[in-house]
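For reference, the structure is listed below as structure tokens.
The values are calculated or read from the model by the stated rules, or taken from the named source; none is laboratory data. Being a predicted model, the structure only gives us computed values, none of them experimental. Don't worry about glycine lacking a Cβ; one is built from the backbone with ideal geometry, like all the others, and counts go over all protein chains shown. Remember, those area values only see protein heavy atoms, side chains included, never the ligands or the DNA or RNA. Shrake-Rupley method; radii C 1.70, N 1.55, O 1.52, S 1.80 Å.
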Amino acid sequence: MSYATVDELRAYLPQVRDDVTTDALLANVLERANAIVNDALGFEFTAHGATATTRDIECQHDRRWLELPAHKAGSVTEVESISSRGSTYEALSTESDWLEEADGRLYRGAGWGAGTWYRVEALWGYGSAPATIIEVEIEIAVNIWRGRDASSWQSDVGADGQGAVGFNRALTWAQRSIIDGVRARVLGVVHA
């Protein structure tokens, strides 16, 4: 699902007809732009749910911080160690001596055991896309849409006579810079 709405895209394309057929085309273009953005990000933003859910996480290293998948900051409500995970003898033991750091890791003075599984309850996911990512998605969608008018799409023969649409997937330097900055803030890393 795209981060921007058809109405937000329409604000950049005032000359476009306002009808159901055009709305469907614009939604398709937004989905394509969303795929380009997510491909460049390396992950997808999704709004946090209203209810916390559990995930089983294996501690990879013997150290004081347990690395968790992306989740809403401050949303970890419970941590339980799992013994005999997945067997009929599976048992849970509540862990109470931990603290969630600002970066989302769980700190524990006694450390977390390498190879130990923990069941963690939190609001999982990356959250909603920031305004800068929505703007990049709209810019890409506008370029795709205007590419149709400039005949830069090519039609390829497909199954049953259907044509495939091609478009330039290149990001501008500014768009790539915005995506890299958001990725660095969310993941703490920038991929080349």
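Out of all the residues in the range 117-149, which are among the small types (Gly, Ala, Ser), outside any strand (DSSP E or B) and within 16 Å of the chain's Cα centre (by Cα)? Walk me through it before giving the result.
Narrowing the range 117-149 to residues among the small types (Gly, Ala, Ser): 122, 125, 127-129, 131, 141, 147.
Next, from what is left, pick out any that are outside any strand (DSSP E or B): 125, 128-129, 131, 141, 147.
Those that are among the small types (Gly, Ala, Ser), outside any strand (DSSP E or B) and within 16 Å of the chain's Cα centre (by Cα): 125, 128, 129, 131.
Can you confirm whether the range 64-86 contains a residue that is farther than 27 Å from residue 105 by Cβ, free of Cβ contacts under 8 Å to residues at least 12 places away in the same chain and not β-branched (Val, Ile, Thr)?
no
Of everything in the range 1-34 that's outside any helix (DSSP H, G or I) and among the small types (Gly, Ala, Ser), which residue is farthest from residue 186 (Cα to Cα)? Explain how you work it out, then say what you get.
Residues of the range 1-34 that are outside any helix (DSSP H, G or I), as a first pass: 1-5, 11-19.
Still in the list and also among the small types (Gly, Ala, Ser): 2, 4, 11.
Numbers: 2: 19, 4: 19, 11: 28 Å.
This residue is 11.
Name the single residue, out of those in the range 90-105 being among the hydroxyl-bearing types (Ser, Thr, Tyr) and in a strand (DSSP E or B), that is least open to solvent (accessible area, probe 1.4 Å). I'd like the intermediate steps shown before the answer.
First, the residues of the range 90-105 that are among the hydroxyl-bearing types (Ser, Thr, Tyr): 93-94, 96.
Now restrict to residues that are in a strand (DSSP E or B): 93-94.
Values: 93: 59, 94: 89 Å².
Filtering first and then ranking leaves 93.
Got at least one residue in the range 35-53 being open to solvent by less than 40 Å² (accessible area, probe 1.4 Å), in a loop (DSSP other than H, G, I, E, B) and aliphatic (A, V, I, L, M)?
Yes, some residue in the range 35-53 is open to solvent by less than 40 Å² (accessible area, probe 1.4 Å), in a loop (DSSP other than H, G, I, E, B) and aliphatic (A, V, I, L, M).
Which condition from (1) of a type outside the set (D, E, K, R); (2) farther than 14 Å from residue 106 by Cα; (3) modelled with pLDDT under 95; (4) within 19 Å of the chain's Cα centre (by Cα) is the one that residue 20 breaks?
Just one mismatch for residue 20, condition (4).
Show the residue pairs that are 6+ apart or on different chains and have beta-carbon atoms under 6 Å apart, the first residue being within the range 1-17 and within 13 Å of residue 32 (Cβ to Cβ), the second being of a type in the set (Gly, Ala, Ser) and not in a loop (DSSP other than H, G, I, E, B).
From the range 1-17, the pairs are 9/141.
Across the range 57-89, which residue is nearest to residue 183 (Cα to Cα) among those that are in a strand (DSSP E or B) and open to solvent by less than 50 Å² (accessible area, probe 1.4 Å)? Talk me through it step by step, then tell me what you get.
Looking only at the range 57-89, we keep the residues that are in a strand (DSSP E or B), and these are 57-58, 63-66, 71, 78-83.
Next cut, open to solvent by less than 50 Å² (accessible area, probe 1.4 Å) only: 57, 66, 71, 79-82.
Numbers: 57: 23, 66: 21, 71: 15, 79: 27, 80: 30, 81: 31, 82: 32 Å.
Filtering the range 57-89 for residues that are in a strand (DSSP E or B) and open to solvent by less than 50 Å² (accessible area, probe 1.4 Å), the one nearest to residue 183 (Cα to Cα) comes out as 71.
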